[in-house]
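Undergrad: Below are the structure tokens for one structure; questions will follow.
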Amino acid sequence: MIENSTGDEVVDRNAEQLLNAVSQLLVSTRRHQTRSDRQYANELVGRIIDAMSLESKIKAADILSRMSEPPEDLIRKLGLASPETARVILLGRHVTDAVLMEAASKSFELREIIAQRPQLSEPVVNRLLFYEESKIENMILPRSECPISNSRAARLINRVEDGSTLGWMLSKRTDLSPRLSLRLFWRVEGDSRQAILSRFKVDPSLAAEVFTRVFKTEQDAFSSTPLGKLAQLVSEARESENGPLKDAPGPQLTDELTAFRTNANTAAIQTVSDAAKISFELGRKIAEDVPGDAFTILCTALGVKDKAFGKMMAIRPRKGAGSAPYTNEDKDRSIALFDRISRSAAIGILSYWEIDLIEDIKARAREQLDMDLNAIKERLSSEFDQETDEEAEARTEAEKAAATSKKRRFGIF
């Protein structure tokens, strides 16, 4: 025995007849019914389903899941009725994204079922990942057929911690934008960094030529701005990768790079940043990166020679607070990266890092503005909108009286 929606007890003695009725109402007469007839039939089916036992509901769910265009209201009813019917409905081939997203918002159990589907759209994936549950992330993120939006990827990256599985899974994904992948770079180490850099195939030479040509006419106006500095950086990508460099690093810059790598102070960071045409903020970030991958990118972009780079990487840098010590594995990985990556690609990576720093500054400014505005609103509210208990009670009574008067005026009671 089960209870239907009205609370009446129903004995499901005629399960086969009920299923036949559901089948005929849904399938047999579908093509001959008008829209109004189908809606009416759906309402009758809903009443029959309410009276069914769990076993019969599962069979009804199977009937619905096989339809190419199942009634969405009935799909919702069975999709949320029980875990057993939900599994049949939510794993069905023709269930809509709207139903999947609604179900995903209901419970972890339903999200776990939906995550098992062979195909998932980006909106559904975003809803599944919204709740930041490790088990769901472990089911979704390793699957390339489950796309994630840039905004959701950015939120995931912000949660990555040293050595986390989340960072490793994100580093393996091929649908992250280059900028987000290179943002993730700073939060992962070792093999995860290798995976990110091995996928970087951007050659900024052509875009750099157009970009710098446009800003060349107004070079004086833009030279001291972030955009002008970015133009100076990407202009270096126009040089031939195998040709001679205009400003090949001399012994003095090599010494500065050595100091930058081993125990960077403000002067060394500024000197190297100016030479590389990057911001001081990015220079400091590279200097603080103990494993050396970011330093390798910087040296490649500057055109450092193999021998000089090898000597610098043989020196053990001072370990920053909270960071792991420099290891032989870090050294070997950096040398392999130096041999593999082109100067043009290294400049592209630096420019992406610069762009992402600018976007991060903007995002932080917007966040701070929102916090300031909320603080102002709260302060004004506390100073000018405080009600005494008597005033609040009087206002509530007045609102109730107004609502009652309105109902009487329109004949509601």
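Undergrad: Report relative contact order for the range 81-204 in percent, whole number only (criteria: Cα-Cα under 8 Å, sequence separation at least 6).
TA: Details: 124 pairs, mean separation 21.6, N = 124.
Relative contact order, the range 81-204: 17 percent.
Undergrad: Taking only protein heavy atoms and a 1.4 Å probe, what accessible area per residue, in Å², does the range 31-131 have with all protein chains in place? Don't jump to the answer; show the numbers that get you there.
TA: On the way: 5210 Å² over 101 residues.
Ligands and nucleic acids excluded, the result is 52 Å² per residue.
Undergrad: Still on this structure: Could you tell me the relative contact order of the range 288-330? Use alpha-carbon pairs under 8 Å, at least six residues apart, and round to a whole percent. List each step's numbers first, then the result.
TA: Details: 22 pairs, mean separation 26.0, N = 43.
Relative contact order here is 60 percent.
Undergrad: Subtracting the Cα-Cα distance from 0.36 nm times the residue separation, let me have the gained length for Gln119 to Arg66 in nm, one decimal. Don't jump to the answer; show the numbers that get you there.
TA: On the way: separation 53, 0.36 × 53 = 19.08 nm, distance 1.68 nm.
Full extension from Gln119 to Arg66 adds 17.4 nm.
Undergrad: Next question, about the same structure. Roughly how many percent of the accessible protein surface of the range 273-358 is carbon and sulfur, given a 1.4 Å probe and a whole-percent answer?
TA: Working: 1920 of 3630 Å².
Carbon plus sulfur share of accessible area: 53 percent.
Undergrad: For the range 337-382, with every protein chain kept in place, what is the accessible area per residue (1.4 Å probe, Å²)? Could you put the intermediate results ahead of the total?
TA: Values: 2810 Å² over 46 residues.
For the range 337-382, the solvent-accessible area averages 61 Å² per residue.
Undergrad: Something else now. If each of Asp372 and Glu329 carries a label point 7 Å out from its Cα toward its Cβ, how far apart are those two points in nm?
TA: So the label points at Asp372 and Glu329 sit 4.5 nm apart.
Undergrad: Just want to confirm a number: the relative contact order over the range 255-389, from Cα pairs under 8 angstrom separated by 6+ residues, in percent.
TA: On the way: 103 pairs, mean separation 32.1, N = 135.
This gives 24 percent for the range 255-389.
Undergrad: Run the simple label-point estimate for His94 and Asn263 please: 7 Å along Cα→C-beta, distance reported in nm.
TA: Going from the His94 label point to the Asn263 one covers 7.4 nm.
Undergrad: Now a separate question. Arrange the peptides 101-114, 279-292 so that the one whose residues have, on average, the most other Cβ atoms within 10 Å appears first. Each step should come with its number before you reach the end.
TA: Working: 101-114: 18.2, 279-292: 19.9.
Final packing ranking: 279-292, 101-114.
Undergrad: Given a Förster distance of 30 angstrom, what is the FRET efficiency for Asp37 paired with Ser82, based on the Cβ-Cβ distance and rounded to 0.05?
TA: Working: r = 29 Å, r/R0 = 0.98.
Given R0 = 30 Å and the Cβ-Cβ separation, E is 0.55.
Undergrad: Consider a paramagnetic label point 7 Å from the Cα of Ala207 along Cα→Cβ; state which residues of the range 342-368 have an amide N under 18 Å from it.
TA: Answer for the range 342-368: 342-360.
Undergrad: Using bins 5 angstrom wide from zero, how does P(r) for the range 82-208 break down, in % of all Cα pairs?
TA: Spelled out bin by bin, the range 82-208 gives 2, 11, 21, 20, 16, 11, 9, 6, 3, 1, 0, 0 percent.
The values are calculated or read from the model by the stated rules, or taken from the named source; none is laboratory data. Keep in mind it's a predicted model, so treat the numbers as computed, not measured. Neighbour counts are summed over all protein chains in view; Cβ atoms, including those assigned to glycine, are modelled from backbone coordinates with ideal geometry. Note: accessible area is taken over every heavy atom of the protein model, side chains too, but ligands, DNA and RNA are not part of it. Shrake-Rupley method; radii C 1.70, N 1.55, O 1.52, S 1.80 Å.
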